[in-house]
Amino acid sequence: MTQRIIIADDHPLFRTALSHAVGKVWPEAEIVEASSAAQARAEVETGAEALLLDLHMEDSRGLSALMDFRQDYPALPVAIVSASEDPRVYAAASQLGAAAFIPKSAPLEQMRDALACVRDGDGWFPETDAEPDEDLAKIATLTPAQRRILAQLNEGLLNKQIAYELNISEATVKAHITAIFRKLGVVNRTQAVLLAAKLVVDQEAAESASG
């Protein structure tokens, strides 16, 4: 069966550059490009050897997409390829189960080395002194439905608005929020939103850092 490597990034030029690196590491693989998390998910459904995932696309922000893929496809190596150069983000990605974190500013040779580690079943991350975050461990216990509702809370939506957006009842929303508070060890929306912010990677800062 032909190996398939999925590259999920909304910048066509970077997908092309990354394809060259992938081709050196997996010379026999079919390289499939996706411009959104939803498109990447559809491609993964048909089989994949590895997923290279950007943190910022039209339908995803930060580390939530990583958590979704890790929960739904636990055997799939997911390598983050991002403009972020924040050591805390490296550590968070590792803690949430990424196989690697490859900065977009990395030289092509270093990208190939990192991808070779992923191919061989090893991890690859830039050096960092950042410690594991207990709050991220709590967030990782949330179900995908609970994470979606937490994201809606983070946007300031009311229960009835969340119910409308997700096509569920307000009672279901309230039940999820109660469970979210319990899992996160918080007592109100403000505290929950502060924890949820740890999944969001500052895109503007990341793009500034990359050039």
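The values are calculated or read from the model by the stated rules, or taken from the named source; none is laboratory data. Worth saying up front: this structure is predicted, and the values here are computed from it rather than measured. Just the protein is used for accessible areas: all its heavy atoms, side chains included, with ligands, DNA and RNA removed. Shrake-Rupley method; radii C 1.70, N 1.55, O 1.52, S 1.80 Å.
Points worth noting:
- Ligands, DNA and RNA are left out, and with a 1.4 angstrom probe the accessible area of the chain is 51 Å² per residue.
- Estimated vicinal HN-Hα couplings, Hz - the stretch 135-143 in sequence order (Karplus 6.51, -1.76, 1.60; Gly, Pro = x): 5, 5, 4, 5, 4, 5, 7, 6, 6
- A straight chain from T46 to A130 at 0.36 nm per residue would run longer than the Cα-Cα distance by 26.6 nm.
- Per the Debye formula on identical point scatterers at the alpha carbon atoms of the stretch 68-211, with no solvent, log10 I(q)/I(0) at q = 0.15 Å⁻¹ is -0.84.
- Pairs of lysines in the chain whose Cα atoms sit within less than 17 Å of one another amount to 5, provided the residues are eight or more positions apart or on different chains.
- Full extension of the chain segment joining Q110 with Y73 gains 10.7 nm, where the gain is 0.36 nm per residue of separation less the Cα-Cα distance.
- Taking 20 °C and 1.002 mPa s as conditions, the stretch 141-193 diffuses translationally at an estimated 199 µm²/s according to Stokes-Einstein applied to its Kirkwood radius (Cα pairs).
- In the stretch 32-144, the inverse of the mean reciprocal separation of distinct Cα atoms equals 14.3 Å; this is its Kirkwood hydrodynamic radius.
- In the chain, the DSSP beta bridges split such that about 10 percent are antiparallel, to the nearest 5.
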